[in-house]
Amino acid sequence: MKPVKITETSLRDGHQSLIATRMTTEEMIPILGKMDQVGYHAIEVWGGATFDSCLRFLNEDPWERLRTIRKQIKNTKLQMLLRGQNLVGYRHYADDTVEEFVKKAIKNGIDIVRVFDALNDPRNMKKSIDVIKAEGAHCQCAISYATSIIHKTEYYVNLIKELELMGADSICIKDMSGILKPYDAYQFIKEIKKVSDLPIELHNHCTSGVASMTMLKAIEAGVDIVDTAISPFSSGTSQPPTETIVEALRDTEYETGLDILVLDQIADHFKVIRDRYLADGILSSKVLFVEPRTLLYQVPGGMLSNLVSQLKSLNAENKFEEVLREIPKVREDLGFPPLVTPLSQMVGTQAVFNVITGSRYKMVPNEIKRYVKGFYGKSPGPISDDIRKLIIGDGEVITVRPADLLENELEKAKAEIPDLYESMEDVLSYVLFPQIAKEFLEYRKFNSYEKAEGYIG
Ligand code: CO
């Protein structure tokens, strides 16, 4: 017997992938107690885009959400997604912010931190890993899965060995674009199992249509944990459905032991929520359709739809195929970055510029220049001198860990909002998203004043 463990993603990646991370804490609360009874290995509830979305769209305190969930889910491990030195934001933060953020995430209820870096540069994960370990939480290191002449099994095996030495307690294969195919996954996991005793978890997306098949072959190869989402928030650009995977493994050596009747009740709760977002138009059928071109061009589904709208706004929809062919060339020029946020957007934009202007790298976004200068970390493969000159001229390339160049930022942040913050958590929200966190903190202060004065009940 080799029971497979299940991590439920509906409360983070499921709704992030299908409804732009709009699920509210209120919508989650009534079902949390039931979810705690299922026997999941873990429930992913925090990090990724949820932090930003709480503040930006929902007028919610992300820290309060975490504490609320922790209060209701007493037995099951809570998991979050951390973008290495980017935390849950979109730039590198200074080490003092990383240290305090990880400490507070764990203190407020997180048991397992999944940490990754878009470029698979371990230097961008080092600080987070050190703090996760020091705080006694489970440190899961994720590798961003990509394909290229650089991204062969040997590359990943070396990366995994390095992450293991740095302190990883488990490894996640993070296939954000859904391009890992069944037989490749089988080979890949067999190879990893030869060199590492760490538990291996598979995280993939159904975008291209292969995810469930890949998951099954990964299980046959010995993967320990898989990420699934309860059916109403599964499939499309999300994960494979929990109930389907659980039943597929029923009465086999991989039996998960999860109770399908409890899962069914949980699905009923989420169906109502899904249908509401469907009626609002927030859940678009576009994210539910299979997009096999993802496999053909190795481009994530979200990036394809971004390109379409980008070209539309430029009145150049007829250039779509040309841009698709340009993307792999840009990727090669830039040393084969995996197409994950923010690199996917950057590579996409550069490909559009190259095609529209008719002259490659005549127009270069600032982010691409910063990338070539090394401010995002080390590119997986080399960037040729010719391409570098074309993009940054004689500009300097840094070779140190990018965050080494950042000065501590927490004290400065405190001084900027002395009357607004009530806790370190507030200060962290402000450092991560200054403008929107400030608006949220002002809104909260005003509301509590109104309440205290008896204006609102
Ligand atoms: Co994901």
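The values are calculated or read from the model by the stated rules, or taken from the named source; none is laboratory data. Not measured: the values here are computed from a predicted model. Here the Cβ is made from the backbone with ideal geometry for all residues, glycine too, and neighbour counts use every protein chain on show. SASA here: full protein model, heavy atoms, side chains in, ligands and nucleic acids out. Shrake-Rupley method; radii C 1.70, N 1.55, O 1.52, S 1.80 Å.
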Check whether at least one residue in segment 48-62 is under 24 Å from D268 (Cβ atoms) and surrounded by fewer than 24 Cβ atoms within 10 Å (Cβ to Cβ), and report yes or no.
yes
If we scan segment 100-108, do we find a residue that is open to solvent by less than 40 Å² (accessible area, probe 1.4 Å), free of Cβ contacts under 8 Å to residues at least 40 places away in the same chain and within 18 Å of I225 (Cβ to Cβ)?
no
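Can you find a residue in segment 124-134 that is hydroxyl-bearing (S, T, Y), touching a helix residue (DSSP H, G or I) at 6+ places or on another chain (Cβ under 6 Å), at pLDDT 95 or above and more than 22 Å from L180 (Cα to Cα)?
Checked against the condition, which is being hydroxyl-bearing (S, T, Y), touching a helix residue (DSSP H, G or I) at 6+ places or on another chain (Cβ under 6 Å), at pLDDT 95 or above and more than 22 Å from L180 (Cα to Cα), segment 124-134 yields at least one hit.
Restricting to segment 50-64, count the residues that are aliphatic (A, V, I, L, M) and in contact with a Leu (Cβ under 9 Å, 6 or more places away or on another chain).
Filtering segment 50-64 down to residues aliphatic (A, V, I, L, M) leaves 55, 58.
Cutting the leftovers down to in contact with a Leu (Cβ under 9 Å, 6 or more places away or on another chain) gives us 55.
Residues meeting the conditions: 1.
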Residues (surrounded by fewer than 15 Cβ atoms within 10 Å (Cβ to Cβ) and closer than 22 Å to L18 by Cβ) located in segment 248-264
D264
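In the same structural domain as S17 (by TED's automatic domain parsing) and within 24 Å of S448 (Cβ to Cβ): which single residue out of R83, R56, R91 fits that description?
Values: R83 fails: within 24 Å of S448 (Cβ to Cβ); R91 fails: within 24 Å of S448 (Cβ to Cβ).
So the residue among R83, R56, R91 that is in the same structural domain as S17 (by TED's automatic domain parsing) and within 24 Å of S448 (Cβ to Cβ) is R56.
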Assuming R276 fulfils every condition listed in (1) at positive phi; (2) open to solvent by 50 Å² or more (accessible area, probe 1.4 Å) apart from one, which condition is it?
(1)
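Tell me, yes or no, whether segment 325-334 has at least one residue that is without any contact (Cβ under 8 Å) to a residue 60 or more places away in the chain, surrounded by fewer than 15 Cβ atoms within 10 Å (Cβ to Cβ) and within 20 Å of R401 (Cβ to Cβ).
Within segment 325-334, the subset without any contact (Cβ under 8 Å) to a residue 60 or more places away in the chain is 325-330, 333-334.
Those still in the list that are surrounded by fewer than 15 Cβ atoms within 10 Å (Cβ to Cβ) too: 325, 329.
With within 20 Å of R401 (Cβ to Cβ) added as a condition, the list becomes none.
No: zero hits.
Please enumerate the residues belonging to segment 77-109 that are of a type in the set (V, I, T) and closer than 17 Å to P122 by Cβ.
The answer is V98, V102.
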Can you find a residue in segment 260-272 that is in the same structural domain as P328 (by TED's automatic domain parsing), touching a residue at least 24 places away in the same chain (Cβ under 8 Å) and either more than 24 Å from the chain's Cα centre (by Cα) or farther than 30 Å from K329 by Cα (or both)?
no
Anything in segment 169-178 that is in a loop (DSSP other than H, G, I, E, B) and open to solvent by 10 Å² or more (accessible area, probe 1.4 Å)? List them, or say none.
D169, M176
Hey, among T21, T9, which residue is within 14 Å of the ligand (Cβ to nearest atom), surrounded by fewer than 22 Cβ atoms within 10 Å (Cβ to Cβ) and closer than 24 Å to F101 by Cβ?
T21
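Just need a number here: residues in segment 186-226 that are of a type outside the set (K, R) and either within 24 Å of Y297 (Cβ to Cβ) or outside the structural domain of S17 (by TED's automatic domain parsing) (or both). Before the answer, list the steps.
As a first pass, look at segment 186-226 and keep what is of a type outside the set (K, R): 186-189, 191-192, 195-216, 218-226.
Okay, now just the ones that are also either within 24 Å of Y297 (Cβ to Cβ) or outside the structural domain of S17 (by TED's automatic domain parsing) (or both), so 186-188, 202-215, 218.
The number of residues fulfilling the criteria is 18.
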Residue that is among the hydroxyl-bearing types (S, T, Y), open to solvent by 60 Å² or more (accessible area, probe 1.4 Å) and over 25 Å from I189 (Cβ atoms), where the choices are S231, S305, S309, S284
S309
Looking at segment 46-82, which of the residues that are free of Cβ contacts under 8 Å to residues at least 40 places away in the same chain and within 12 Å of the chain's Cα centre (by Cα) is nearest to the ligand (Cβ to nearest atom)?
A49
